[in-house]
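Just below is one structure, and these are the notes that go with it.
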Amino acid sequence: MDTINEIIRWGAAITFIDIIDFIGTFAFAISGIRLASTKQFDWFGAYVVGAATAIGGGTIRDIMLDVPLFWMHDPFYLICTGLALLWVIIFRKYLIRMHYTFFVFDAVGLALFTVVGIQKTIECGLPLWVGIIMGTMTGAAGGVIRDVLINEVPLIFRKEIYAMACIIGGVVFTVCTLIGLPPLFTHLACGAAVFITRVVAVKYHICLPTLRSEED
C-alpha cells in the first residue's frame, strides 16, 4: 500500500515541463543514435552519442546557471537513452527506410529542450533574455557535441536555420509571458514556433547568408 501511495505521489509531482523534458530526451537520443548508426558505430558508441545529444546542452546550461547537473540526480535520462538505443536496434530497418526520421526527432528535441531551458532559467530568477540564450544552449549545444563526436561540421555553423529557430521560439515565449498568457499555452507556443521554423526553413531552403572572404 505504501508503494502504491508513493507511486501516486510521484505521478502527481510530474509537471508538464517534466513530460516535455522526458519526450525531448528520448527524441534527441534517437536522433543522435540514428546518426551514429550511419557512421557504423557499435552499440556502446551509439549510446554515447545519443547520451551526449540528449544531455549535452542541458549540462552546459546547468554549469552556466551554477546549479546541480540535472542528470546526476535522476537516472531517468541515461535510462531513457538506453531505451532509445533499444528502440533503434529493434526498429532499425523501418528507421532506415524513413528518410526524414532523423530530422523529425531532432526538430522535436530542439523544440522541447528550448522550452525546458528557458523555463529552468526563469526559475533561477534570471531575466527572459538570459532564458532565450539558455534555451538556445539547451536545444542546440547537444547537437554540436553530437556532430563533433561523429566528425561532422556542427549543424548550427552551416547555412541551415537551427539555433535561430530556438531564438525565435524564445522570442515567442517572451511575448507570451509579457502579455500574461498561461504557462501551458506559453510552453506550447514556444515549442511550436521552434518546430515550425525548423520545418519551414528546411522545406523551403531558407537559410542565413554565409560569411565570405574578400577573395570570393
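The values are calculated or read from the model by the stated rules, or taken from the named source; none is laboratory data. Given the structure is predicted, the values throughout are model-derived calculations rather than measurements. For neighbour counting, all protein chains shown are included, and Cβ atoms are generated from backbone atoms with ideal geometry for every residue, glycine included.
Mind checking whether some residue in region 200-208 is in contact with a Cys (Cβ under 6 Å, 6 or more places away or on another chain) and among the hydrophobic types (A, V, I, L, M, F, W, C)?
No, every residue in region 200-208 fails to be in contact with a Cys (Cβ under 6 Å, 6 or more places away or on another chain) and among the hydrophobic types (A, V, I, L, M, F, W, C).
Residue by residue, here is whether (1) outside any helix (DSSP H, G or I); (2) of a type in the set (Gly, Ala, Ser); (3) touching a residue at least 40 places away in the same chain (Cβ under 8 Å) holds:
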site: Ile133; (1), (2), (3): no, no, no
site: Met137; (1), (2), (3): no, no, yes
site: Gly180; (1), (2), (3): yes, yes, no
site: Ala189; (1), (2), (3): no, yes, no
site: Val200; (1), (2), (3): no, no, no
site: Thr210; (1), (2), (3): yes, no, yes
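Consider Leu78 carefully, then state whether it is part of a helix (DSSP H, G or I), within 23 Å of Gly45 (Cα to Cα) and either at pLDDT 95 or above or in contact with a Gly (Cβ under 8 Å, 6 or more places away or on another chain) (or both).
In short, no.
Anything in region 189-205 that is among the hydroxyl-bearing types (Ser, Thr, Tyr) and more than 10 Å from Ile168 (Cβ to Cβ)? List them, or say none.
Tyr204
What tally of residues in region 155-170 results from selecting those that are over 13 Å from Ala111 (Cα atoms) and either assigned to a helix (DSSP H, G or I) or of a type in the set (Lys, Arg) (or both)?
Here the count works out to 5.
Select from region 191-215 the residues that are among the hydrophobic types (A, V, I, L, M, F, W, C) and more than 19 Å from Phe105 (Cβ to Cβ) and list them in ascending order.
Result: Ile206, Cys207, Leu208, Leu211.
For Gly117, indicate whether it is within 21 Å of Phe22 (Cα to Cα) and not hydroxyl-bearing (Ser, Thr, Tyr).
So Gly117 passes the test.
When you check Thr114 against the structure, is it among the hydroxyl-bearing types (Ser, Thr, Tyr), farther than 18 Å from Thr15 by Cβ and touching a Cys at 6+ places or on another chain (Cβ under 8 Å), yes or no?
Spelling it out, it is not the case that Thr114 is among the hydroxyl-bearing types (Ser, Thr, Tyr), farther than 18 Å from Thr15 by Cβ and touching a Cys at 6+ places or on another chain (Cβ under 8 Å).
Kindly indicate the residue of region 39-61 that is without any contact (Cβ under 8 Å) to a residue 40 or more places away in the chain and assigned to a helix (DSSP H, G or I) and also nearest to Asp106 (Cα to Cα) among those meeting that condition.
Per the stated criteria, the residue is Gly50.
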